[in-house]
Amino acid sequence: MTSVPSSDLRRRLVRLLQLAYSGEKAAALAYQGHARSVRNSDEKAMISKIENDEWVHRRKVGALLERLEARPLVIREARASAVGHTLSLLCGFTGWFLPMFLAGKLETKNVCEYEKAAGWAAELGLNDFIPDLMEMAAVEVEHEKYFFEVIGRAAPKRVVRRE
C-alpha cells in the first residue's frame, strides 16, 4: 500500500463527505416518493423512517464538513435535488420491485462510503469523526438489509477500499 500525503487524504475525505452530504439529500427526497408509491402500510412506515434517517445523516455529515472548514458543493446540491425529485416521481411508475432493489443497491454504496470515510478519518487522526461515521454506516447496513430482505434477496458482500 502506498502512502498518501495527509493533505491529499484530507482533500479526499472532504470530497467524499461533500458527495455524501448531497447524496443523503437525493436519497431522502427519493424516499418521499418511494413511501407514497407503496401500498403496504408497514413498508410505507419503514421507508418513511429510512427517509428520516437520511436527513439525520445529512445533518451529521454537514457538521463534519463544518469541522473540516469545508462546504457542500453547490452544483452537487442542485443535482441532488433534481435526482431526488425525479426518482421520487418515478417510484410511482416503476412498480414495486425496481425501487426496492435500487434502494438496496444505494444503501450498499452508502455503507462503503461511510466505512471508507471512517478509515480516512482514522489515518488523519480525526478519531472523533469515527463514531458518527461508523454509526451512519451501521444504520445504512440496516437500510440495506431491509430493502434486500423485502425483495427476498441477501445483501451483497462489500469490500472496503480506501484508495
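The values are calculated or read from the model by the stated rules, or taken from the named source; none is laboratory data. Please read these numbers as outputs of a predicted model, since none were measured by experiment. Here Cβ is always computed from backbone atoms with ideal geometry, including for glycine, and neighbour counts include all displayed protein chains. Calculation scope for accessible area: heavy atoms of the full protein, side chains included, ligands and nucleic acids excluded. Shrake-Rupley method; radii C 1.70, N 1.55, O 1.52, S 1.80 Å.
Give the lysines reachable from LYS105 as a straight Cα distance under 16 Å; neighbours fewer than 8 places away on the same chain don't count. Partners found: LYS145, LYS157. Here the sum of -39500 (n - 2.57) over DSSP H runs of 4 or more residues, divided by the residues of the chain, equals -27000 deg cm²/dmol at 222 nm, to the nearest 500. For the range 123-132, 3J(HN,Hα) computed residue by residue from phi via the Karplus equation (6.51, -1.76, 1.60; θ = phi - 60°) reads 4, 8, x, 8, 4, 6, 7, 4, x, 5 Hz, glycine and proline entered as x. The portion of the accessible surface of the range 39-163 made up by carbon and sulfur, rounded to a whole percent, is 58 (1.4 Å probe; DNA, RNA and ligands excluded).
Relative contact order, whole percent, for the chain stands at 27, derived from Cα pairs under 8 Å and 6 or more residues apart.
Taking the chain as the reference, fit the longest principal axis to its C-alpha atoms, fit the long axis of helix 41-67 to the helix C-alpha atoms, and give the angle between the two in degrees, 0 to 90, nearest 10. The angle comes out at about 20 degrees. Working note: Karplus 6.51/-1.76/1.60 with θ = phi - 60° gives the range 7-13 the couplings 5, 5, 5, 4, 4, 5, 5 Hz, where Gly and Pro are set to x. For the listed peptides 128-136, 41-49, a ranking on the average number of other beta carbons within 10 Å per residue, highest first, reads 128-136, 41-49.
When Rg and Dmax of the Cα atoms in Å is calculated for this entry, the matching label among [x] 16.0, 47; [y] 16.1, 51; [z] 16.8, 52 is [y]. Computed from phi, the 3J(HN,Hα) profile of the range 73-88 under the Karplus parametrisation 6.51, -1.76, 1.60 (θ = phi - 60°) reads 8, 4, 5, 5, 5, 5, 5, 4, 4, 5, 5, x, 5, 5, 5, 4 Hz, with x in place of Gly and Pro.
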